[in-house]
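Nothing in this text is a laboratory measurement; each read-out follows from the coordinates by a stated rule. Predicted model, so just to flag it, every value in this text is computed and none were measured. All Cβ positions, glycine included, derive from the backbone under ideal geometry; neighbour counts span all protein chains shown.
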Amino acid sequence: MTVYPDFYVIGAPKAGTTSLHHYLSQHPELSLPVTRKEPGYLHFLSGEPSFSTGPTQCREYAADAYRRKHRISTTSPEEYEAVWSDDSDLLRGEVTPSYLQDPEVSAVLARLRPDAKLIVILREPLERAYSDFLMNRRLGTEPIEDFSEAVAAEESCPRYFWGARSYLYASAYATHLTRWLRMFDPAQFSFNLFEDLAGQSETLLDRLFDFLGVSQFRIEPGRARNPNLDLKSSPLVRLYTSQSPLKEPLRRVIPSGLRDRVWKRIQERAPEIIAPPLDPEVKIRLRERFRPGVLELETILGRKLDAWITSE
């Protein structure tokens, strides 16, 4: 029988969840995955999406994106259980930030673990979207070089599944949280902002430890990664993310922990370049696009987000 975690960090991607995983993993009363940061198992409990309609380029891109997500996620109960240590006395948690945007996961989790505690950390929508784009460029999974053109491509295609070119979609926080709040009591959520983690991490962690019901614990912060750095896609990155008929047979015999270590090493060895600044006109246009959602989010969070609305 699968034992589902006591708490989940459900999102958002590129909003500090890697740092949260690092910090929470240090607490002696918490158990987080030791072989994989983002198991993603709940994504694959609601069936495979259909890619039978829409323009060919949209269908092919989405289907390829789904195959990539499938390769790097846990897709069986046995593999899911194996990502944690065996210490049953600890509070078990999972960090998979793409759960927030998956329209099926909230209902799946409400059925499997209705008492779960849910941690959300959000970043200014445009910054998150651009950071997501840069990551995909780095990994070789986004063929379009210009951010505004990639956004246009996202808008021109049907929404086949949660992970197919989701720069705007993943930043639609109010839409996603409204769906989650229909399935879970507001008291089960801890809402946080990326800027709190960057500027007041000790205060944020104290609040999270209270929320989880564990003792206060001083965390070693470690070295923060520069969010403005991008990694140029290397041949190894392209090899790892490309399609190959050999990959699925190899996936069955190579342990997930070893696959994750190889992927981490590939990312570490990729040469670093400075990410280009976002075009000012694009910034103004997309900030205005995000404005209604940010205003709705203020009501959900009970917190003003003026800095997210002001165009610089």
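The table that follows gives values for the structure above.
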| item | result |
| --- | --- |
| Ranked by how many other beta carbons lie within 10 Å on average, peptides 183-193, 210-220, 130-140 from highest | 130-140, 183-193, 210-220 |
| Whole-angstrom gap from segment 119-172 to segment 1-69, using each part's C-alpha centre | 16 Å |
| Cα gyration tensor shape for segment 143-216, rounded if a/c is under 1.5, else prolate or oblate | oblate |
| Three principal axis lengths of segment 1-63 [C-alpha, angstrom, descending] | 50, 32, 17 |
| Cβ-defined net charge surrounding residue 201, 12 Å radius [Lys, Arg +1; Asp, Glu -1] | -3 |
